[in-house]
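Q: This is the structure I want to talk about, given as structure tokens.
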Amino acid sequence: MLYQLAVPGPIDDVEELRVLEWHVAPGQSFAAGDLVVELETHKAVVEVRAARAGILRSVLAPAGDWQRLGRPLAIVGDDSDEPLPAQADDLAAMLVEFEVT
């Protein structure tokens with residue numbers, strides 16, 4: 001099954017975050033608890049960790065892009081052979097854990 005990895009929230013006084021660095025490359029698998037992507041606000045860094053194992057299928061927001069809370073950052077899935085959709089907006093969100101530092 002495919003999911004969207006979205007900008008997590010809510011975060012106090014934050015509407016947009018910038019993609020700082022991807023820690024998983026497209027096609028690479030990750031385990032629950034792995035750091036997938038770092039985002040930043042104007043004041044803090046947000047570490048986004050996977051709540052479950054998966055495969056990063058496609059990055060929709062490369063490093064440097066700003067995205068609003070809840071917008072898709074990437075498509076992730078359980079199977080590397082499942083066809084990718086034209087848009088990620090209709091996919092269910094993958095659960096993540098995030099920490100603002």
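Please treat every number below as a calculation from the coordinates, not as lab data. These figures come from a predicted structure and were not determined experimentally. Please note: Cβ atoms are built from the backbone with ideal geometry, for glycine as well, and neighbour counts cover all protein chains shown.
Q: Have a look at the DSSP beta bridges in the chain and tell me what percent are antiparallel, nearest 5. Write out the running numbers ahead of the final one.
A: On the way: 28 of 29 bridges.
Percentage antiparallel, nearest 5: 95.
Q: Next question. What ³J(HN,Hα) values, in whole Hz, does the Karplus curve 6.51 cos²θ - 1.76 cosθ + 1.60 give for segment 71-84 when θ = phi - 60°, with x put for Gly and Pro?
A: 7, x, 9, 7, 10, 10, x, 8, 10, 6, 9, 5, x, 7
Q: Just from the alpha-carbon atoms, what are the Rg and Dmax of segment 20-101 in angstroms?
A: Here Rg and the maximum Cα pair distance are 12.3, 39 Å.
Q: Under 14 Å from the Cβ of V19, count the other residues' Cβ atoms, weight Lys and Arg +1, Asp and Glu -1, and hand me the total.
A: Details: positive: R18, R68, R71; negative: E16, E21, E38, E40, E47, D65.
Once all neighbours under 14 Å are counted, the net charge is -3.
Q: Also: Only Lys, Arg, Asp and Glu count, each charged at its Cβ (+1, +1, -1, -1), so figure out the dipole size of the chain about its Cα centre, rounded to 20 debye. Walk me through the numbers before you get to the answer.
A: Numbers: 7 positive and 18 negative charges, 13 e Å.
So the magnitude is around 60 debye.
Q: Counting alpha carbon pairs within less than 8 Å and at least 6 residues apart, what relative contact order, in whole percent, applies to segment 2-100? Mind dumping the intermediate values first?
A: On the way: 244 pairs, mean separation 38.5, N = 99.
RCO, segment 2-100: 39 percent.
Q: Also, quick follow-up: Residue-wise, which Karplus ³J(HN,Hα) couplings in Hz belong to segment 56-65, taking 6.51 cos²θ - 1.76 cosθ + 1.60, θ = phi - 60°, and x for glycine or proline?
A: Couplings: 6, 8, 7, 8, 9, 10, x, 3, x, 6 Hz.
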